[in-house]
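The values are calculated or read from the model by the stated rules, or taken from the named source; none is laboratory data. No experiment lies behind these values; they were computed from the predicted model shown. Virtual Cβ from ideal backbone geometry, glycine too; neighbours counted across all protein chains shown.
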Amino acid sequence: MGEKNQAALSIREEFAAKVKADNRREKLMKWAPVGVLAALILVFCILKGSSFLSLSNLSAILNQWSLPLLVALGLTFVIMIGSIDLSIDGTVGMVGSLTAIFVANSKNTANLGIIGLLLAVLCSVVIGFLVGVIHVKFKIPSFMVSFAFMNICIGIGMLSYSGKPATIRDPLMMAIPKASFLGIPVITWIALAVLALCFYIQEYTPFGRHVYAVGTDETIPKAVGINVNRIKIKVFTLAGFCYGVAGIVGALRLGQGQIAIGTDQMFPAQAAVVIGGTALTGGKGGVMNTVVGTLIMTVLINGLTMMGVNPNIKTGIQGVIILIAVIFTIKHGATVISK
Amino acid sequence: MKKLKINKAYFATYFSIAVIICLMLIFTVMEKSFINASNINNLLSDTAPLMIMAAGMTPVILLGSIDLSIGAMCSVSNVLVVSLIMKFKDTIYADWFIMLVTFLTTLLFSVVGGIILGSIHAKLKVPSFIASLAFMSIWNSAALLISSSPISIPKKLWGTIEWYKISIGPLGYPLIIAFLIMIGYYVILTRTPLGRGIYAIGANERAARMSGISVDRIKIAVFAVNGFCAALGAIFLMAKAKSCAPTVGDSFTLMVISAVVLGGTALIGGSGNILNTIMGVFVVSIIKNGMNIVSINVYWQKIVFGLVVLIAIAINTDRSSRSFIVK
């Protein structure tokens, strides 16, 4: 009898120890990105010292941070439901191109002002909605739908200005990228506003809770009667909105509407989301993880540029980062099936 | 049940042939020069690189995996082969020897690249689309690092790439090589344990593993061959253009996937016939050639291929089981 008790006790202890170890590991994983960020800042401070910490460079970092943050915010929700969105390069570039055509510009007589911006965002919202609907209704994997839409959007964007990019002439729009408020560029404020919106959606709306549920195990919310398909479509639409704002910010900053605004936006965003701790399998992570992830990527790129690293290496480095981050966060083992 | 399967297998073939005929008719009506001999010749020789890459991609998709890095691999091989040629062109070795060595080096490089990608996917369990996406950025970067601008092959070496122009009847040498690779792969897929293993893994990986198929090794082999095919396609592109460019492969990823899916190979894996991929390749290259001939804005091509791949997948996807979860 006593032996049995002993055995039960040891099993219980073992279980408790396992839970404890798991908790510790989870805590470590949770704070690892912050550690990486701190380490990066430290390294660049030591290597570059005052020029890295100078006010102008910090302002530049905030400015550079805004676009990846906007893109990554949208992508976060998509990855949280376990899907993926490869359309970013196209969508952001398309909205950037359309923005310059809708507002007062050098190419046509359109002068829609703020309405033009809204129209441009609406385009990417519609694209996001379409990606979601086709993914859900035709049961095509999201990476394939979004990959196709990346190409479609690049085509639309290039067609819209057909070779000669339009320059923005609207005085208000031209002033925005130079303006700053409380020492922080207005463009960064725009990104922060979208960040606040996304954080609110994630934490305080039923939709935000459902996103986690769908990402963890789709069958459970389905069984409870949540319309999983509608959640997924909403997620892609929200992502489209974020990419749209990113496209506008990109166009305003460049002062011109080009498809190149979107080029190479996807890898930093993908890397930022994954490195921030949002697992590709879904159900984990969130908006705040992405904030840390995008800061890591921005500081890294900024630092590398200051060190004079060949810009062509940058995309390669992002690919390696994605690989390493995914390898560390993904489930391994003989029984796991990955396609 | 069996009857239904056979019907479906034929459906893809008939459907592709019907599409090809319709497309040819439409383009001929729009522009008469589409059907003349020189354009048909052009079309057939342009098809070779695409055909080879599609041959490599079909087994990858049969596994249920995907390789988004194929275009980037093509770019990097394309740049690599020309930069190697430029490096060795002034040495004492004979021209044909230089060509042979550079070709073999490039092919070896791409096979090793494929093995690395396959290993990361199979051994470390990283989903193939994300692993290959990362490799896409790595190869793109590598291509730009090797040469950030196009390089032309010097005139004195043109003689060594004349083989590209040799043709037997209407079929050029490159296209014949592409067909041979297709047929070779068809034999492997249908007549050897390796091929049956590929289908088995695509249909049900767990069952395949339990029945003793070395899943990881097969996956790595398939990715290695895929890399090889991308590099061979790149060499053909080099021979055709007599130059290289670090972005030459960009548009191929979507075209190759379109061709394979149009050939009736299901994205979830386990079903499809590589010979049907030939039909898919012709559909894609007729669309591409036709749009050039009727001088449709080149930007439209991206839109059209995006739509084509979506429609092809939508037609081919089995939506019968409601519980099937797609991520």
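Looking at B:213, B:257, which one is within 14 Å of chain A (Cβ to nearest Cβ), β-branched (Val, Ile, Thr) and without any contact (Cβ under 8 Å) to a residue 60 or more places away in the chain? Please lay out each step first, then the result.
Numbers: B:257 fails: without any contact (Cβ under 8 Å) to a residue 60 or more places away in the chain.
After ruling out the rest, the residue left standing is B:213.
Quick check on my filter: what residues within region A:148-175 are assigned to a helix (DSSP H, G or I), more than 7 Å from every other protein chain (Cβ to nearest Cβ) and surrounded by 15 or more Cβ atoms within 10 Å (Cβ to Cβ)?
Step one: of region A:148-175, the residues assigned to a helix (DSSP H, G or I) are A:148-161, A:171-175.
Restricting the remaining residues to those that are more than 7 Å from every other protein chain (Cβ to nearest Cβ) gives A:150, A:153, A:157, A:160-161, A:171-175.
Of everything in region A:148-175, those that are assigned to a helix (DSSP H, G or I), more than 7 Å from every other protein chain (Cβ to nearest Cβ) and surrounded by 15 or more Cβ atoms within 10 Å (Cβ to Cβ) turn out to be A:150, A:153, A:157, A:160, A:161, A:173, A:174.
Quick one: how many residues across region B:63-90 are away from chain A (no Cβ under 14 Å), more than 16 Å from residue B:111 (Cα to Cα) and not small (Gly, Ala, Ser)?
Of the residues in that region, 8 qualify.
With respect to residue B:207, is the statement that it is part of a helix (DSSP H, G or I), small (Gly, Ala, Ser) and within 14 Å of chain A (Cβ to nearest Cβ) true?
yes
Can you tell me how many residues in region A:316-339 are modelled with pLDDT under 80 and either more than 21 Å from the chain's Cα centre (by Cα) or within 7 Å of another protein chain (Cβ to nearest Cβ) (or both)?
Of the residues in region A:316-339, the ones modelled with pLDDT under 80 are A:328-339.
Pick out the ones that are also either more than 21 Å from the chain's Cα centre (by Cα) or within 7 Å of another protein chain (Cβ to nearest Cβ) (or both) and you get A:330-339.
Counting residues in region A:316-339 that are modelled with pLDDT under 80 and either more than 21 Å from the chain's Cα centre (by Cα) or within 7 Å of another protein chain (Cβ to nearest Cβ) (or both) gives 10.
Here is a yes/no grid of residues against (1) without any contact (Cβ under 8 Å) to a residue 40 or more places away in the chain; (2) over 18 Å from residue B:309 (Cβ atoms):
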site: A:111; (1), (2): no, yes
site: A:114; (1), (2): yes, yes
site: A:122; (1), (2): no, yes
site: A:125; (1), (2): no, yes
site: A:128; (1), (2): no, yes
site: A:152; (1), (2): no, no
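Does region B:137-154 hold any residues that are more than 7 Å from chain A (Cβ to nearest Cβ) and closer than 23 Å to residue A:322 by Cβ, and which are they?
B:139, B:143, B:146
Restricting to region B:168-196, and then to whatever is in a helix (DSSP H, G or I) and either among the small types (Gly, Ala, Ser) or in contact with a His (Cβ under 9 Å, 6 or more places away or on another chain) (or both), can you tell me which residue is surrounded by the most Cβ atoms within 10 Å (Cβ to Cβ)?
B:178
So which residues in region B:40-56 are out of contact with any Asp or Glu (no Cβ under 9 Å at 6 or more places or on another chain) and buried (at least 24 other Cβ atoms within 10 Å of the Cβ), if there are any at all?
B:47, B:48, B:49, B:50, B:51, B:52, B:53, B:54, B:55
Can you name every residue in region B:113-133 that is in contact (Cβ under 8 Å) with a residue 40 or more places away in the chain and not aromatic (Phe, Trp, Tyr)?
Correct list: B:113, B:114, B:115, B:117, B:118, B:119, B:121, B:122, B:123, B:128, B:132, B:133.
For the subset of region B:81-125 comprising residues that are assigned to a loop (DSSP other than H, G, I, E, B) and either farther than 25 Å from residue B:220 by Cα or not hydrophobic (A, V, I, L, M, F, W, C) (or both), which member is farthest from the chain's Cα centre (by Cα)?
Of the residues in region B:81-125, the ones assigned to a loop (DSSP other than H, G, I, E, B) are B:89-94, B:124-125.
From what's left, either farther than 25 Å from residue B:220 by Cα or not hydrophobic (A, V, I, L, M, F, W, C) (or both): B:89-94, B:125.
Numbers: B:89: 30, B:90: 33, B:91: 34, B:92: 36, B:93: 33, B:94: 32, B:125: 24 Å.
Checking each candidate, the answer is B:92.
Restricting to region A:136-146, and then to whatever is more than 7 Å from chain B (Cβ to nearest Cβ) and either touching a Pro at 6+ places or on another chain (Cβ under 9 Å) or not aliphatic (A, V, I, L, M) (or both), can you tell me which residue is surrounded by the most Cβ atoms within 10 Å (Cβ to Cβ)?
Applying the filter and picking the extreme gives A:146.
Among the helices (runs of 4 or more DSSP H) lying completely within region A:1-109, list those that include at least 2 residues that are out of contact with any helix residue (DSSP H, G or I) (no Cβ under 7 Å at 6 or more places or on another chain).
A:2-48, A:55-80
When region B:103-126 is examined, which residues are found to be surrounded by fewer than 21 Cβ atoms within 10 Å (Cβ to Cβ), at the interface with chain A (Cβ under 10 Å from one of its Cβ atoms) and on the phi < 0 side of the Ramachandran plot?
Across region B:103-126, the qualifying residues are B:123, B:124.
Answer yes if at least one residue in region A:94-108 is within 14 Å of chain B (Cβ to nearest Cβ) and surrounded by fewer than 22 Cβ atoms within 10 Å (Cβ to Cβ), and no otherwise.
no
State which residue is nearest to the other protein chains (Cβ to nearest Cβ) when the search covers only region A:115-135 and only residues that are in contact with a Ser or Thr (Cβ under 8 Å, 6 or more places away or on another chain) and not aliphatic (A, V, I, L, M). Quick ask: steps written out before the conclusion?
Applying the first criterion (in contact with a Ser or Thr (Cβ under 8 Å, 6 or more places away or on another chain)) to region A:115-135 yields A:116-117, A:120, A:124-125, A:127-129, A:131-132, A:135.
Cutting the leftovers down to not aliphatic (A, V, I, L, M) gives us A:116, A:124, A:128-129, A:132, A:135.
Numbers: A:116: 22, A:124: 15, A:128: 15, A:129: 15, A:132: 12, A:135: 7 Å.
Checking each candidate, the answer is A:135.
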